[in-house]
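Below is one structure, written out as structure tokens, with a few remarks after it.
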Amino acid sequence: MRLLLVEDDLPLANALQQSLKIKGFIVNHVSQGKQALTALATPEHDMMILDLGLPDMDGLTLLKELRNHNTTLPVIILTARNSIDSKVQGLDYGADDYLAKPFEIEELMARLRVIERRLGTVNSSIISIKNVKLDTLAHKVFVCDQTTLQETELVFSKKEFMVLKALMENAGRILSRENIESKLYHWGEEILSNAVEVHIHKLRKSLPNKFIQNVRGVGYIINIKPI
């Protein structure tokens, strides 16, 4: 899940970025509304966390402009404006959720997970495909022995887990290398040319045979149809 964080309070923005990264989110940060509009000109983000008190424009103005272009990008407002009128106005302008400062990071995470489930192909934190189960909340992966029905936990690196999560959330759809990279790396982060291939190779060594399939010249897929 790739987030655009629009927040001019740099200490808060840095703290949020670190907390969200630990939870597996890819976070790009801007501090001004015009920067946000530029970033949103291309559809590379899955969600936006928006502060209303921006230095160059009001966050509601940014949100209104976003919705005027018929953009359905999910938006969570994060602001010190905590009156009922402010909340109603924010939701009426097209926000999907509204969280007043100060807040607990776990509450923000819970609200992000709700939207993430809505955007994805599943309606819970557990994604089960064939005999592989991925827990997006606990960040764990299990494979079930079809004979004994016993589950074995598989241990993957953070980025390997994120690759598998992206593929399982989009089961039945081909993801190109570029699609997968966009879910792994932040702005300015160096990307090795074969990074995705390396992650896929390591995943395949532990997962059932042919669970992740290569579509030559196109990308990778978890085929939900019988092989």
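Structure notes:
- Scan of the stretch 22-42 for residues that are without any contact (Cβ under 8 Å) to a residue 24 or more places away in the chain and closer than 20 Å to residue 163 by Cα, ordered by number: 22
- Annotation: of all residues in the stretch 57-81 being part of a loop (DSSP other than H, G, I, E, B), loosely packed, with under 13 Cβ neighbours inside 10 Å and not β-branched (Val, Ile, Thr), the one that is modelled with the lowest pLDDT is 70.
- For the stretch 55-75, the candidate set comprises residues that are in contact (Cβ under 8 Å) with a residue 40 or more places away in the chain and touching a Leu at 6+ places or on another chain (Cβ under 9 Å); within that set, the residue that is farthest from residue 31 (Cα to Cα) is 74.
- Within the stretch 174-224, considering residues that are part of a loop (DSSP other than H, G, I, E, B) and of a type in the set (Lys, Arg), the one modelled with the lowest pLDDT: 183
- Scope the stretch 126-143; condition farther than 16 Å from residue 222 by Cβ and either part of a strand (DSSP E or B) or outside the structural domain of residue 161 (by TED's automatic domain parsing) (or both); matching residues: 135, 140
- Within the stretch 25-56, being surrounded by 15 or more Cβ atoms within 10 Å (Cβ to Cβ) and assigned to a helix (DSSP H, G or I) holds for 33, 35, 36, 37, 39.
- Qualifying residue in the stretch 109-128 (condition: touching a residue at least 60 places away in the same chain (Cβ under 8 Å) and more than 13 Å from the chain's Cα centre (by Cα)): no
- Count of residues meeting criterion [farther than 24 Å from residue 18 by Cα and assigned to a helix (DSSP H, G or I)] in the stretch 87-117: 6
- Exclusive hit being of a type outside the set (Asp, Glu), touching a helix residue (DSSP H, G or I) at 6+ places or on another chain (Cβ under 9 Å) and more than 20 Å from residue 109 (Cα to Cα), set 52, 66: 66
- Residues within the stretch 202-224 that are exposed (fewer than 12 other Cβ atoms within 10 Å of the Cβ) and more than 20 Å from residue 146 (Cα to Cα), tallied: 3
- Residues of the stretch 1-24 that are buried (at least 16 other Cβ atoms within 10 Å of the Cβ) and either in a helix (DSSP H, G or I) or among the β-branched types (Val, Ile, Thr) (or both): 6, 13, 16, 17, 20.
The values are calculated or read from the model by the stated rules, or taken from the named source; none is laboratory data. Please read all numbers here as calculations on a predicted model, not as lab measurements. Virtual Cβ from ideal backbone geometry, glycine too; neighbours counted across all protein chains shown.
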